[in-house]
Amino acid sequence: MRKLTSAVLALSLFGAPVSAQQPADPYAPAKAIVADVNRIVTPNGVQENLVVTLGGARQAINVRGADRANPILLYIHGGPGAVEMPFAWSFQRPWEDFFTVVQWDQRGAGKSYALNDPKAIAPTMTLDRYRDDAIELIDYLKARYGKRKVFLLGHSWGSAVGLSVAIKRPDLLYAYVGMGQAIDFRAGERMGMDWTIAQARKAGNADAVKAIEALAPYPDSGPFTIDKADGWRRYAIPYGSLMADRPDPTLYFQTPRLSPDYTPEDRKAWGAGSEFSTTALWPRVADVSFAMVHEMKLPVIMLLGRTDYTVPSPLAAQWMDRLKAPAKKTIWFEHSAHMPMVEEPGLVLKALINDVRPLADQE
């Protein structure tokens, strides 16, 4: 569920080498403008970067909102290791009028990668540990900001973490919101590969078909590695599996260069953390599945891109059809794939305002 393959990600993060004559951060003037435009200036607002210890590992969070009285929305990023904090400036500011939004760089990812010894935390990198980190973080946020519950939004890999939290501790949440929702990792990989082969055949791309078929017996057996996952996604992305109407998302992945919250050193840590996280975690999620979860004890909302085959939306939609919950809703984004928050940002905001935020008032 990495957003780009390693080579493209590296190019997007760092671009051309910076010469000795250039400033340490050539994007600093633009970042200052972005920081000022997005600055929280309301009297009861909150804007802070913090480091918290979760499960024995130091981890970075960013908290932003126009009114502390608003409910908290914790965003759990994808990947593994694909932090959202450095992208958030491009889409999140309108959310902050309705929620206090928390971005969290998970253990081994982004800013948090540099806060711990990778060798020490590598054995701890399991879905259960990330779930429990999230629970500890929610408890911390509730105490710090005086809240009884929070909203949880899980995206891509983060949707497996988020759904795990919702299953174990529904009492902590007003609702669970899934975006790019993972239901069954092997089934998702199989469906994504089949879709990509079908698109390649339509396009007459015999090389792509051959390359993807050569990955067998993945995902059904054999090594479950990030190289195998990247092996088919490199062909799926140009067909719109990641961003529906942006077959070349390279420029979008340069967004972190303008993030006021990410330094060049942070971007390097993100690259290293992404490689570290995916290598450590991907084999451990091979048999993770929520297919047998038929009932939830809290409201569940799905925000699904119609052409998302990075983490195939049809699996999540089918799961929702079977699910019993106090309230549930599947919202489709017809011109989105895996990234509705940037592909159709106005419609995502509308869903958050109309379908998510009112659930806090019903408690």
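Using Cα positions and a limit of under 19 Å, work out the aspartates and glutamates in reach of K31, with same-chain residues fewer than 8 apart set aside.
E48, E84, D261, E265, D266
Test of understanding: what is the full-extension gain from W332 to K142, defined as 0.36 nm times their sequence separation minus their Cα-Cα distance?
Working: separation 190, 0.36 × 190 = 68.40 nm, distance 3.09 nm.
The W332-K142 span can extend by a further 65.3 nm.
What's the exposure ranking of M339, M296, going from fewest to most Cβ atoms within 10 Å?
Details: M339 28, M296 20.
Listing M339, M296 from fewest to most nearby Cβ atoms yields M296, M339.
Taking a cut-off of 26 Å between Cα atoms, list the lysines near K202, but don't count ones fewer than 8 places away on the same chain.
K3, K210, K228
Tell me which of I121, W270, P29 sits at the most positive position along the dipole axis of the chain, charges placed on C-beta atoms (Lys, Arg +1; Asp, Glu -1).
Of I121, W270, P29, it is I121.
Counting alpha carbon pairs within less than 8 Å and at least 6 residues apart, what relative contact order, in whole percent, applies to the chain?
Answer for the chain is 21 percent.
Positive end of the dipole of region 28-362, charges at C-beta (+1 Lys, Arg; -1 Asp, Glu), about the Cα centre: which of T255, L303, A280 has its Cα farthest in that direction?
The residue sitting farthest along the positive end of the dipole is L303.
If you put +1 on each Lys and Arg Cβ and -1 on each Asp and Glu Cβ, how big is the dipole of the chain around its Cα centre, in Debye rounded to 20?
Values: 41 positive and 39 negative charges, 64 e Å.
My answer is approximately 300 debye.
Between Q254 and R68, what is the label-point separation in nm under the 7 Å Cα-to-beta-carbon projection?
4.0 nm
Modelled label-to-label distance, A28 and A291, 7 Å Cα→beta-carbon offset: nm?
Between A28 and A291, the label points sit 5.4 nm apart.
Give the dimensionless ratio obtained when the Cα radius of gyration of region 98-161 is divided by 2.2 N^0.38 Å. Walk me through the numbers on the way to the answer.
Details: Rg = 12.8 Å, N = 64, 2.2 N^0.38 = 10.7 Å.
Cα Rg divided by the expected 2.2 N^0.38 Å: 1.20.
Name the aspartates and glutamates eligible as straight-distance cross-link partners of K149: C-alpha to C-alpha under 15 Å, and not fewer than 8 places from it in the same chain.
E136, D139, D171, D361, E363
Would you mind telling me the antiparallel percentage of the DSSP bridges in the chain, rounded to 5? Present the calculation step by step, with values, prior to reporting the outcome.
Details: 16 of 42 bridges.
Around 40 percent of the beta bridges assigned by DSSP in the chain are antiparallel ones.
Multiply the residue separation of K168 and A187 by 0.36 nm, subtract the distance between their alpha-carbon atoms, and state the gained length in nm to one decimal. Show your work: numbers first, answer last.
Working: separation 19, 0.36 × 19 = 6.84 nm, distance 2.32 nm.
Extending this stretch completely gives an extra 4.5 nm.
Over region 119-217, how many percent of alpha carbon pairs lie in each 5 Å bin up to the one with the longest distance?
Percent of Cα pairs in each bin: 2, 12, 16, 15, 12, 12, 10, 8, 7, 4, 2, 0.
What number in nm² do you get for region 236-363 if you take the convex hull of its Cα atoms and divide its surface by four? Walk me through the numbers on the way to the answer.
Numbers: hull surface 40.3 nm².
If I average the Cα hull's projected area over directions, I get 10.1 nm².
Here are some pairs, K142/K329; K168/K350; K328/K350; K111/K147; which of them have Cα atoms lying more than 23 Å apart in this structure? Mind showing how you got there, number by number?
Details: K142/K329 26 Å; K168/K350 29 Å; K328/K350 17 Å; K111/K147 26 Å.
Listed pairs above 23 Å: K142/K329; K168/K350; K111/K147.
I want to check the label-to-label distance for K119 and K350. Put each point 7 Å from Cα in the C-beta direction and report it in nm to one decimal.
Between K119 and K350, the label points sit 5.4 nm apart.
Stokes-Einstein diffusion coefficient for the chain at 37 °C in a medium of 0.692 mPa s, Rh from the Kirkwood formula over Cα pairs: what value in µm²/s? Write down the numbers at each step before the final one.
Details: Rh = 20.6 Å.
The diffusion coefficient I find is 159 µm²/s.
Read-outs throughout are calculated quantities, based only on the coordinates presented, and are distinct from any laboratory measurement. Note that the structure is predicted; figures quoted are calculated from it, not measured. Positions of Cβ are generated from backbone atoms using ideal geometry, with glycine treated the same way; all protein chains shown enter the neighbour counts.
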